[in-house]
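The values are calculated or read from the model by the stated rules, or taken from the named source; none is laboratory data. The model shown is predicted, which means the values in this text are computed figures rather than measured ones. So basically every Cβ, Gly included, is an ideal-geometry build from the backbone, and we count neighbours across all protein chains shown. Note: accessible area is taken over every heavy atom of the protein model, side chains too, but ligands, DNA and RNA are not part of it. Shrake-Rupley method; radii C 1.70, N 1.55, O 1.52, S 1.80 Å.
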Amino acid sequence: MIIDCHGHYTTAPQQLTEWRQKQLDTFQKTGEYLPPEINVTDDEIRASLENNQLQIQEKRGVDFTLFSPRASAMAHHHGDARISADWSRLCNDMIYRAVSLFPTRIAGVCQLPQSPGVDPASCIDELTRCVEELGFVGCNLNPDPSDGHWSGLPITDKSWYPLYEKMAELDVPAMIHVSGSCNPNFHTTGAHYINGDTTAFMQLIQGDLFKDFPNLRLIIPHGGGAAPYHWGRYRGLAQNLNRPPLDELLMNNVFFDTCVYHQPGIDLLLDVIPAKNILFASEIVGAVKGIDPTTGFDYDDTKRYLDAVSHLDEKTRQQIMGGNALTVYPRLRAHLEKYAVAEGKHH
């Protein structure tokens, strides 16, 4: 079964964006809060997916996607903690409705109601609601709620621990995913995303998070940012900092996706990172749209790049394309069983 671990609802009905703008305008002008409710029909949700993600997924031969709210729109720097909480709840409810309509094609991954300077424990209630009540299988965690200013503490700081304790209790992983950048120095998808991935990886080298949470699982998207390309640097830094070797320190808990949009990048990822730590992903419809003129195919058709890697044996290929996702997201297996989705399915 081919499972894309990184999908966002980038094509949600326009009412969601309109509500968000009204929420922020109202709060800025009056200090009041809008109830997190919008009028969207099931048919509108169906159309937003059938004509976009699901159609592309089918065309490319992808069976299933882990689906979360639009990452760049989380925008945790806006407003206060309640603004983030209401926005997260509304976005997660939209994911729940989408999953309810297409449970054999997508499973939910939730947005957390983070806010700059606010205790990460404030996210626990929404995480619990999404997992226990809505059936979500994971969450997205923003290592920089200030959205480009990095005003908070590293993700290894003990202030994050109550959230990790709940994740461990629920047995759900987090994808470490920043949101939109409000710092003009950092383009959102071209700089801030890759900065976030790389920064989080270095923080994990410096900290002892997995000594304290040996079963915690974190996915670093976009191919791990700069980490695989500079693997020697990070191995050397760990050594210079008197940290354990990376294999021992991180590689039982940290995973990388395949949102790398050219063949040499995928080749390098597979050469450097063990297969057990790689999860197939393409992030459609996501950061990079359009046709690569050198290949004639979409930049984000990452399955095509993996199909072109001839040295992978079938067991390893299946591990990357779906098996690892079932291990890293154990609640996904229960979702597939609930909706009678055959795990052996593949295109």
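Odds and ends about this structure:
- Positive dipole terminus of region 55-113, leading residue within A71, T104, G61 (C-beta point charges): G61
- Across the options A275, L336, A227, the greatest Cα extent toward the positive end of the charge dipole of region 198-347 (unit charges at beta carbon of Lys, Arg, Asp, Glu) belongs to L336.
- Computed about its Cα centre, the charge dipole of the chain is approximately 360 debye, with only Lys, Arg, Asp and Glu carrying charge at their Cβ.
- Spacing of the modelled spin labels on D267 and R333, each 7 Å from Cα toward Cβ, amounts to 3.6 nm.
- With the highest mean first, a sort of the peptides 79-88, 270-279, 35-44 on other beta-carbon atoms found within 10 angstrom per residue produces 79-88, 270-279, 35-44.
- Shown here: mean projected area of the Cα convex hull in nm², derived from the displayed model; of the candidates (1) 15.7; (2) 24.8; (3) 17.0, it corresponds to (3).
- Heavy-atom accessible surface of the chain: percent carbon and sulfur, 1.4 Å: 50
- Relative contact order of region 223-347, taken over Cα pairs closer than 8 Å and 6 or more residues apart, is 22 percent.
- Charge dipole (region 287-329, unit charges on Cβ, about Cα centre) - positive-most of A325, H311, T295: A325
- Across region 23-142, C-alpha contacts under 8 Å between residues 6 or more apart give a mean separation that, scaled by the residue count, equals a relative contact order of 25 percent.
- Charge sum, other residues only, whose C-beta stays under 13 Å from I124's C-beta, Lys/Arg counted +1 and Asp/Glu -1: -4
- Extension gain (nm, one decimal) between L312 and A191, 0.36 nm per residue minus Cα-Cα: 40.4 nm
- About its Cα centre, region 96-209 has a charge dipole of approximately 360 debye under the convention of +1 per Lys or Arg Cβ and -1 per Asp or Glu Cβ, with nothing else charged.
- Accessible area per residue for the chain, computed on protein heavy atoms with a 1.4 Å probe, is 43 Å².
- Rounded to the nearest 20, the size of the Cβ-charge dipole of region 227-347 about its Cα centre is 380 debye, with Lys and Arg at +1 and Asp and Glu at -1.
- Applying 0.36 nm per residue to the separation of T11 and D80 and subtracting their alpha-carbon distance, the gain on full extension is 22.2 nm.
- Relative contact order for the chain: 20 percent, from Cα pairs under 8 Å spaced at least 6 residues apart, divided by residue count.
- Stretchable slack from L237 to V285, in nm (0.36 nm times residue separation minus alpha-carbon distance): 13.7 nm
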